[in-house]
């Protein structure tokens with residue numbers, strides 16, 4: 001079911017690889033016509049429009065957008081003990097990793113009396129989107145909330161689609177995860193309408209003000225992504241995420257059953273999910289395909305997995321050797337990259353482009369999804385070539401604070417005047433020379 005791309009004997013230029021490698025993606029432009037009226041309506045009518053669209057798309061209308069606090073607490077108290085323990089472990093490990101990412105202010109004394117300090121200031125209020133489509137994602141609550149909290153964000157709202165099966169509120173496990181993290185503001189709204197409401201705010205049905213946010217993070221479907229694009233001039237966003245993807249660089253030392261299971265695990269997300277194996281061994285590729293065929297028969301979401309694995313976004317890429325494989329995975333820039341080769345750590349150290357790298361046979365992507373301590377909100381569709389996954393840094397703004405005294409400014413005034421004249425902006429020079437009784441010297 002996995003298509004093959006044979007690159008053996010080829011010159012692996014970046015241009016060629018971008019053309020021939022399997023690649024998924026979504027056409028955001030194709031849904032902008034649908035999403036634009038949603039965003040406009042919510043900008044104009046706020047909560048009423050959001051609930052109207054929610055009723056149309058989700059077939060349920062909660063009594064209020066904001067989930068009552070007793071619902072959140074009840075979800076926590078009724079949570080399965082094993083799930084609770086797993087979520088607490090996930091939270092603790094994520095905190096260990098993300099707390100180490102905190103930034104400190106850095107002062108640089110450029111000259112005597114002249115200093116520049118870079119201050120790291122957290123975003124004031126963020127909206128964190130948690131999907132509710134094919135699966136339930138309490139793990140996404142953890143991955144979004146923990147770095148925001150560790151960054152020092154003072155106000156956090158989680159939004160997730162209302163569920164008809166749960167009285168019009170988000171899934172109880174999502175609510176429970178919020179409670180375990182100390183998040184008490186949760187909105188029962190999903191899809192494009194949730195992104196627009198986060199951006200513009202409104203008044204809830206009970207008169208409570210729903211304050212807009214400064215930044216929105218979290219994965220979602222094509223409609224959520226399109227709404228992010230439309231709202232990004234009003235709020236910051238983490239990324240325009242595409243369908244999830246895994247690439248596995250493996251040689252014949254790897255276990256075909258392990259590799260097959262990992263390809264299937266990512267295909268389980270969505271029919272558009274990409275699962276790509278890069279290997280220098282054709283017999284190994286054959287063994288993986290046989291293992292996939294065997295394992296897929298017993299997987300719960302068999303039809304979804306088969307659709308993803310047989311899609312044009314998935315496949316096997318044959319290369320001459322592991323060195324060529326490194327070139328291929330760097331060009332592909334996968335959201336998740338597993339390295340299952342001899343000397344896997346050494347090979348992984350040569351990877352430049354990946355959202356996250358999983359080293360060796362016992363570091364599967366599913367570990368990172370839940371309990372590695374790393375973040376699973378990662379760049380997709382090749383954007384790992386230039387962007388990073390969600391982290392504490394996502395929620396921080398670097399602000400330069402410039403502090404020069406009179407002598408320090410005077411010492412550089414001639415250079416400021418020279419550059420302002422070169423750019424034909426003489427008033428810039430005047431703004432310096434006027435301080436020393438020489439107004440107009442920059443002209």
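The values are calculated or read from the model by the stated rules, or taken from the named source; none is laboratory data. Here the structure is a predicted model, which means the values were calculated and not measured. Cβ sites come from the backbone with ideal geometry, for glycine too, and all protein chains shown count toward neighbours.
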Checklist entry - Pick from 404, 362, 332: which is crowded, with 20+ Cβ neighbours inside 10 Å, over 29 Å from residue 156 (Cα atoms) and out of contact with any helix residue (DSSP H, G or I) (no Cβ under 6 Å at 6 or more places or on another chain)? => result 332
Next on the checklist: Please verify whether residue 230 is part of a strand (DSSP E or B), over 26 Å from residue 136 (Cβ atoms), touching a helix residue (DSSP H, G or I) at 6+ places or on another chain (Cβ under 9 Å) and touching a residue at least 12 places away in the same chain (Cβ under 8 Å), treating the condition exactly as stated.
Outcome noted: no
Checklist entry - Counting only residues that are touching a helix residue (DSSP H, G or I) at 6+ places or on another chain (Cβ under 8 Å) and surrounded by fewer than 20 Cβ atoms within 10 Å (Cβ to Cβ), which one in the range 133-143 is nearest to residue 178 (Cα to Cα)? => result 136
Checklist entry - Of all strands (runs of 3 or more DSSP E) completely enclosed by the range 334-443, which ones contain at least 2 residues that are more than 23 Å from the chain's Cα centre (by Cα) and more than 30 Å from residue 220 (Cα to Cα)? => result 396-404
Checklist entry - Taking residue 46, is it more than 30 Å from residue 331 (Cα to Cα), buried (at least 16 other Cβ atoms within 10 Å of the Cβ) and modelled with pLDDT of 90 or more? => result yes
Next on the checklist: Where the second residue is surrounded by 15 or more Cβ atoms within 10 Å (Cβ to Cβ) and the first is closer than 12 Å to residue 111 by Cβ and lies in the range 407-419, which pairs have Cβ atoms under 6 Å and are six or more apart or on separate chains?
Outcome noted: 407/113; 408/113; 408/114
Item to check | Sole exception among (1) modelled with pLDDT of 95 or more; (2) buried (at least 17 other Cβ atoms within 10 Å of the Cβ) for residue 22, by number | outcome: (1)
Checklist entry - Of all residues in the range 1-49 being in a loop (DSSP other than H, G, I, E, B) and within 22 Å of the chain's Cα centre (by Cα), which is farthest from residue 191 (Cα to Cα)? => result 22
Item to check | Single match in 83, 60 (criterion: modelled with pLDDT of 95 or more and either assigned by TED's automatic domain parsing to the domain that holds residue 158 or at positive phi (or both)) | outcome: 83
Checklist outcome for this item: Of the candidates 182, 201, 207, the one satisfying the condition of being surrounded by fewer than 24 Cβ atoms within 10 Å (Cβ to Cβ) and in contact with a strand residue (DSSP E or B) (Cβ under 8 Å, 6 or more places away or on another chain) is 201
Item to check | Residue among 425, 419, 409 that alone is modelled with pLDDT of 95 or more and touching a helix residue (DSSP H, G or I) at 6+ places or on another chain (Cβ under 7 Å) | outcome: 409
Checklist entry - Out of the range 102-121, which residues are in a loop (DSSP other than H, G, I, E, B) and surrounded by 13 or more Cβ atoms within 10 Å (Cβ to Cβ)? => result 102, 103, 113
